[in-house]
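Here's the structure we're looking at; comments come further down.
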Amino acid sequence: MPHTDSDGPRIYFETHGSPQDPALLLVCGVGSQLTAYRETFFAPLVEAGLYVIRADNRDGGLSDAVDVAPAIEMFAAVEKSLTGEDFPVPYTLSDMADDMRRVLDAAGVDKAHVLGCSMGGMIAQRLAIAHPGRTLSLTSVMSTTGRQDVSFPTPEALGALLAPAGDTRESAIKKGVEAARVLRGPGVAFDEEEVWAEEAAFFDRAFHPDGFGRQFLALLEDRDKRRDQLATLDVPTLVIHGALDPLVPVAAAHDTHEVVPRSRLLVLDEMGHHLSPPFFDAIHKALREHLLGVSTR
């Protein structure tokens with residue numbers, strides 16, 4: 001199984017397609033795993049001529065856990081983040097972005113397109129800021145610059161995200177299903193049996209409830225610290241967002257588009273906070289134009 005080297009937590013990744021093609025790195029969101037980028041999402045991109053790399057973040061999936069107890073409770077951290085107060089974190093989004101740089105190193109990739117969803121979009125932004133020379137393009141999906149007044153979730157979405165998972169397989173799967181019910185929004189039919197099977201597969205592959213908390217603290221700590229840096233980013237950027245997103249409001253996408261100089265915006269009217277198959281055709285079309293257009297220039 002491919003992992004990064006021991007210079008930090010070992011990061012698990014998988015590759016798809018030909019290493020001779022332009023690379024596309026897919027970065028996961030908070031508490032997520034690389035399998036969230038399902039085959040029906042990435043296979044058409046491989047067929048379009050991209051070398052797809054999916055990676056688990058530290059503290060998630062098959063990557064190493066970081067065995068450090070958080071010094072602050074999550075809701076307390078939310079309050080401090082909103083007021084701009086500093087608080088201790090086991091690691092930062094910049095550390096997680098450097099993990100993704102190490103993934104590119106381990107995969108033998110010098111430059112890559114980088115796509116991230118939700119917190120993965122924030123990590124992708126950090127990677128592009130720190131290593132613009134290694135970033136062919138940036139795609140920020142369901143994400144934000146961190147600007148507080150346009151990024152705060154609905155109370156229902158925040159509660160669903162931070163609800164305890166419990167300590168049994170059934171309780172963890174049930175929490176995932178109930179969170180998905182809220183986060184995916186009303187625009188797509190909710191198939192509970194299908195979502196239960198997806199959440200069961202996530203649990204059986206890996207279960208890191210403490211890791212979720214540490215990742216979430218890193219997200220909160222970064223808040224809008226990267227926003228001014230994004231305003232000077234010279235990387236072709238595509239911003240994709242759902243109009244019905246309850247976790248990261250669509251206003252955050254408009255803010256990202258306004259801040260990042262070389263950016264385009266795609267808003268999908270019925271999409272919530274989830275990469276749902278009904279929107280794949282529109283997303284793939286935009287990605288082919290964005291990624292392959294950059295690759296051939």
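Are any residues in segment 194-213 at pLDDT 95 or above and either of a type in the set (Lys, Arg) or closer than 22 Å to ASP64 by Cα (or both), and if so, which ones?
Those that are at pLDDT 95 or above and either of a type in the set (Lys, Arg) or closer than 22 Å to ASP64 by Cα (or both): GLU199, ALA200, ALA201, PHE202, PHE203, ASP204, ARG205, ALA206.
Among (1) charged (D, E, K, R); (2) closer than 16 Å to LEU26 by Cβ; (3) free of Cβ contacts under 8 Å to residues at least 24 places away in the same chain, there is one condition GLU79 misses while meeting the rest; what is its number?
Of everything listed in (1) charged (D, E, K, R); (2) closer than 16 Å to LEU26 by Cβ; (3) free of Cβ contacts under 8 Å to residues at least 24 places away in the same chain, GLU79 misses just condition (2).
Going by the conditions given, is PHE280 touching a residue at least 60 places away in the same chain (Cβ under 8 Å) and of a type in the set (Phe, Trp, Tyr)?
Spelling it out, PHE280 is indeed touching a residue at least 60 places away in the same chain (Cβ under 8 Å) and of a type in the set (Phe, Trp, Tyr).
Report yes if some residue within segment 197-216 is among the aliphatic types (A, V, I, L, M), over 24 Å from ILE129 (Cβ atoms) and in contact with a Pro (Cβ under 7 Å, 6 or more places away or on another chain); otherwise report no. If you could, list the steps in order and put the result at the bottom.
First pass over segment 197-216, keeping only residues among the aliphatic types (A, V, I, L, M): 197, 200-201, 206.
In the following step, the residues that additionally are over 24 Å from ILE129 (Cβ atoms) were identified as 197, 200-201, 206.
Going one step further and asking which of them are in contact with a Pro (Cβ under 7 Å, 6 or more places away or on another chain), we end up with none.
Within segment 197-216, not a single residue is among the aliphatic types (A, V, I, L, M), over 24 Å from ILE129 (Cβ atoms) and in contact with a Pro (Cβ under 7 Å, 6 or more places away or on another chain).
Working only within segment 262-281, note down all residues that are within 14 Å of ALA243 (Cα to Cα) and either of a type outside the set (Ser, Thr, Tyr) or loosely packed, with under 15 Cβ neighbours inside 10 Å (or both).
LEU265, LEU266, VAL267, LEU268, ASP269, GLU270, MET271, GLY272, HIS273, HIS274, LEU275, PHE279
The values are calculated or read from the model by the stated rules, or taken from the named source; none is laboratory data. Small disclaimer: the values here were computed from a predicted structure and weren't measured. Every residue, glycine as well, gets a Cβ built from its backbone with ideal geometry; the counts of neighbours run over all protein chains shown.
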